[in-house]
Amino acid sequence: MAEQAEIGLIGLGTMGAALALNIAEKGFTVAVFNRTTSVTDKFAAGAGALAERVVPCHSLEALRDAIRPPRAIILMVPAGAPVDDMIEKLRPVLDVQDLVIDAGNADFHDTMRRAEVARAAGQPYLGIGVSGGEEGARHGPSIMGGGEKAGWERVAPVLEAIAAKYEETPCATWMGPDGAGHFVKTVHNGIEYADMQMIAEVYGMMRDGLRLAPDAIGDVFARWNEGPLASYLIEISAEVARTTDPKTGKPVLDVILDRAGQKGTGRWTAIEALHLGAPATAIEAAVAARNLSARLDERKAGEAVFGPAPAPLAGADGMEADLETALLAGKIACYAQGFGLLSEASRNFGWKVPLPEVAKVWRAGCIIRSDMLSDMAEALAGSPDTNLMFAPAFAAKLEASHGALRRVVAAAALAGHPVPALAAALAYFDAMRTARGTANMIQGQRDFFGRHGFERIDAEGAFHGPWAEN
Ligand code: 6PG
């Protein structure tokens, strides 16, 4: 087969197929391979007008021969062992300078390990985070690159062409070496979890506290989408709330079981935050809330014991406006945690992740895209080493919104509405504005029972308390 393709792609599942069509549509010839040959053929046959820029390949050797060297091949296979298996099969077939790009939702630790192996063998390797679901992959995802910069530069023209554009700027950026791209994607997903959870909490307060019907809640979300909360997730929440179930004629929200799934990326964010000592409490709360949602039988048993918790909200006047403002405050706290985690990881792994660029790359194509990210990019550029909550523009927003968050969390607590992510965001805000906290008690306790030592406010060094021998 003649060398004709600019790039190769392995794995024609939903995301891989959409990405391959996107590449072809942007004018690049793409050689494709799927383990199951019939999938490859079916994909090529269904490519329509784009088929002339799709080269179906039935073996890895054929794939290699179809791509112009030095080659670049995108892997879109399920994260984990399938990526390792594919690399093991692919590498012996390729030339040493051929570039392998894992574009799945990899655990960044795996990416770091694979990048290390590749580096030792002199083989270029990239791990890139791709966000935006099927629609994004097909028409413009947000792309977070990681690996050797020279490798990124080789494929940047293709990746920038297929990426979403925010006011002409492609949402495809190199975030740093080895695992940086997949780490940024992981944090994206952690924020995604928290953003979704806070919206769900506010939905619950409207449903059970204000007794609003789903379509009325949809209208509220649609209105909010015209204001400072404008974002993809608010927009789709409005649509979800307004949609009718064709089978029953009921609002679809009323027939969806309240048990959320997860593939693991949000959990990785929380795990990594805990490892790195970066407070990401709203994200952790969102992951825990999904775990809790899965315990449906246990929740049913709890309701049988105590009766249902969420009661109508007292003093509902002004609650709708407070919910909107509380969501805004919660969102700022949650992004502050996400960027704080990124900055910690970047320091720890020596990546130098450009935080303003992260905010920019998330402005279009990805699931957490929102108008506010432009302001965040500006704030992070102006105060790179400061908590986002303290950057002047966001401090002003929080000054104006934390009261509403406080009222919402308090009203929720009093009426029995679980709002773990909003409550975590509020506690984070309050803790981060408190210079004299309460960990002096923890230190006293630690020293009391284990002679762990403590620092004093009035002298340098490590000290012990005058506790009686215990
Ligand atoms: C995206 C999404 C995408 C996907 C994840 C999250 O950025 O396009 O985050 O990667 O939705 O798989 O899914 P879970 O909710 O199942 O963890």
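Checking the condition of a type outside the set (A, V, I, L, M) and without any contact (Cβ under 8 Å) to a residue 12 or more places away in the chain, which residue from Gly437, Gly340, Gly365, Gly330 passes? Before you say what the answer is, go through the steps one by one.
Values: Gly340 fails: without any contact (Cβ under 8 Å) to a residue 12 or more places away in the chain; Gly365 fails: without any contact (Cβ under 8 Å) to a residue 12 or more places away in the chain; Gly330 fails: without any contact (Cβ under 8 Å) to a residue 12 or more places away in the chain.
Criteria check complete, one pass: Gly437.
Okay, residues lined up against (1) over 21 Å from Ala17 (Cβ atoms); (2) β-branched (Val, Ile, Thr); (3) in the same structural domain as Ala121 (by TED's automatic domain parsing); (4) modelled with pLDDT of 95 or more:
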| position | (1), (2), (3), (4) |
| --- | --- |
| Glu61 | yes, no, yes, yes |
| Arg68 | yes, no, yes, yes |
| Ala72 | no, no, yes, yes |
| Met76 | no, no, yes, yes |
| Val83 | no, yes, yes, yes |
| Lys89 | no, no, yes, yes |
| Asp95 | yes, no, yes, yes |
| Leu99 | yes, no, yes, yes |
What are the residues in segment 413-452 that are touching a Lys or Arg at 6+ places or on another chain (Cβ under 8 Å) and assigned to a loop (DSSP other than H, G, I, E, B), if any?
His452
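Where in segment 168-261 are there helices (runs of 4 or more DSSP H), lying fully within it, with 2 or more residues that are closer than 30 Å to Asp110 by Cβ? Write out each step before concluding.
Details: elements: 180-204, 214-224, 232-242, 252-255.
Those helices (runs of 4 or more DSSP H) span 180-204, 232-242.
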Picking from Thr244, Thr248, Thr269, which residue would you name as being touching a residue at least 24 places away in the same chain (Cβ under 8 Å) and among the hydroxyl-bearing types (Ser, Thr, Tyr)?
Thr269
Counting only residues that are within 16 Å of the ligand (Cβ to nearest atom), over 21 Å from Met372 (Cβ atoms), of a type in the set (A, V, I, L, M, F, W, C) and open to solvent by less than 20 Å² (accessible area, probe 1.4 Å), segment 230-272 contains a total of 1
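Residue-by-condition table, conditions (1) farther than 30 Å from Gly179 by Cβ; (2) open to solvent by less than 40 Å² (accessible area, probe 1.4 Å); (3) away from the ligand (no atom under 16 Å from the Cβ):
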{"site": "Pro312", "(1), (2), (3)": "yes, no, yes"}
{"site": "Ala316", "(1), (2), (3)": "yes, no, yes"}
{"site": "Ala326", "(1), (2), (3)": "yes, yes, yes"}
{"site": "Lys331", "(1), (2), (3)": "no, yes, yes"}
{"site": "Ala336", "(1), (2), (3)": "no, yes, yes"}
{"site": "Glu344", "(1), (2), (3)": "no, no, yes"}
{"site": "Phe349", "(1), (2), (3)": "no, no, yes"}
{"site": "Ile368", "(1), (2), (3)": "no, yes, no"}
{"site": "Asp371", "(1), (2), (3)": "no, no, yes"}
Looking at (1) under 30 Å from Pro356 (Cβ atoms); (2) open to solvent by 90 Å² or more (accessible area, probe 1.4 Å), which is the only condition Asp458 fails?
(1)
For segment 113-144, give me each residue that is open to solvent by 10 Å² or more (accessible area, probe 1.4 Å), within 16 Å of the ligand (Cβ to nearest atom) and of a type in the set (Ser, Thr, Tyr).
none
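The values are calculated or read from the model by the stated rules, or taken from the named source; none is laboratory data. None of the values given here were measured: they were computed from a predicted structure. All Cβ positions, glycine included, derive from the backbone under ideal geometry; neighbour counts span all protein chains shown. Accessible surface areas use protein heavy atoms only, side chains included; no ligands, DNA or RNA. Shrake-Rupley method; radii C 1.70, N 1.55, O 1.52, S 1.80 Å.
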